[in-house]
Amino acid sequence: MLTFLKKVIMMIDIHAHILPSLDDGPRTFQESLEMCRIASEDGIRKMVATPHILNGIYDVKKKDILEKVEILNKLLKDNKIELEVLPGADVHLHEGIIEGLKKDEILTINNGRRYLLLEFPSQIIPVEARQVVFKLQVAGILPIISHPERNFAIQDNPELLTKFIEIGALLQVTAQSVTGEFGSREKKCAHWLLKHNMVHVLATDAHSINARPPILSIAVKKASKLLGEEKSRALVFENPLAIIEGRELRV
Ligand SMILES: [Fe+2]
């Protein structure tokens with residue numbers, strides 16, 4: 001592990017598909033546990049479980065997420081893995097978000113009704129995106145746009161994101177985009193956003209043991225070369241800590 005990460009007591013990952021049989025993440029609790037072991041060994045001590053919601057493919061209920069988080073935490077204790085899993089969701093941009101929140105059907109991060117992980121489609125920014133972000137703000141919920149660096153329109157023009165940041169949205173960039181494992185366009189965009197101080201959180205968006213494991217430390221090392229240690233540490237500790245505790249983020 002990096003020497004400066006030893007100073008960080010712990011890292012916090014706010015985006016991980018860690019619960020089994022809900023989406024395209026692990027299929028069994030055994031796989032979930034193996035992913036958790038990798039995360040813990042990397043220095044991650046808290047992780048928000050964020051199954052896909054409202055993406056038209058997976059019909060995941062809040063109740064199922066809460067139940068599986070409880071089971072996984074018990075297994076982590078039994079297996080002496082130093083990691084706590086918190087409830088959340090990776091919420092696809094959808095007109096039904098506000099209604100779903102009103103009905104208490106959609107999970108915010110750590111069920112705190114303060115921050116919501118918001119996923120755009122991969123190719124475009126839909127025309128209604130800014131309005132959804134605005135409506136969430138009015139409802140007192142701050143959206144964190146997940147992995148904008150993987151969106152084709154944003155890769156072509158990352159400055160498009162300023163109009164979302166201006167109205168209070170935060171940005172979460174994925175660790176493997178920073179390291180280049182997603183590809184050169186994702187890496188270029190991620191580094192551009194980091195250099196322009198537009199990134200608020202780094203997260204793994206982990207899906208499996210091999211293809212997208214829950215590892216943050218390598219991306220933090222890369223980010224520290226671009227931003228320095230203090231700012232890169234904030235992306236995996238101070239900022240995600242404020243988010244899971246529902247506190248205001250100093251940006
Ligand atoms: Fe995700």
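The values are calculated or read from the model by the stated rules, or taken from the named source; none is laboratory data. Fair warning: this is a prediction, and the values are worked out from it, not measured in the lab. No Cβ is skipped: glycine too gets one built from the backbone with ideal geometry, and neighbour counts run over all protein chains shown. With ligands, DNA and RNA removed, areas are computed over all heavy atoms of the protein, side chains included. Shrake-Rupley method; radii C 1.70, N 1.55, O 1.52, S 1.80 Å.
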Find all pairs meeting these conditions: Cβ atoms under 6 angstrom apart; at least six residues apart or on different chains; first residue within the stretch 213-234 and touching a residue at least 24 places away in the same chain (Cβ under 8 Å); second residue among the basic types (K, R). L226/K195
Across the stretch 36-61, what is the total count of residues that are modelled with pLDDT of 95 or more and either among the charged types (D, E, K, R) or in a helix (DSSP H, G or I) (or both)? 9
Taking helices (runs of 4 or more DSSP H) that fall entirely within the stretch 104-213, which contain at least 3 residues that are within 13 Å of the ligand (Cβ to nearest atom)? 175-179
Those residues that are open to solvent by less than 50 Å² (accessible area, probe 1.4 Å) and more than 11 Å from the chain's Cα centre (by Cα), I need them from the stretch 47-57; list them, please. H52, I53, N55
Extreme residue, surrounded by the most Cβ atoms within 10 Å (Cβ to Cβ), among residues of the stretch 149-201 that are touching a Ser or Thr at 6+ places or on another chain (Cβ under 7 Å) and basic (K, R): R150
Scan the stretch 9-21 and give yes if some residue there is open to solvent by 40 Å² or more (accessible area, probe 1.4 Å), in contact (Cβ under 8 Å) with a residue 40 or more places away in the chain and assigned to a loop (DSSP other than H, G, I, E, B), otherwise no. yes
Could we say that N197 is polar (S, T, N, Q) and within 17 Å of the chain's Cα centre (by Cα) here? no
If we ask which residues in the stretch 29-56 are within 14 Å of the ligand (Cβ to nearest atom) and either under 18 Å from E238 (Cα atoms) or not hydrophobic (A, V, I, L, M, F, W, C) (or both), their number turns out to be 6
Inside the stretch 83-103, can you point out the residues that are open to solvent by 10 Å² or more (accessible area, probe 1.4 Å), assigned to a loop (DSSP other than H, G, I, E, B) and not aliphatic (A, V, I, L, M)? H94, E95, G96, K103
D24 vs (1) exposed (fewer than 15 other Cβ atoms within 10 Å of the Cβ); (2) within 22 Å of V173 (Cβ to Cβ); (3) away from the ligand (no atom under 15 Å from the Cβ): all pass except (3)
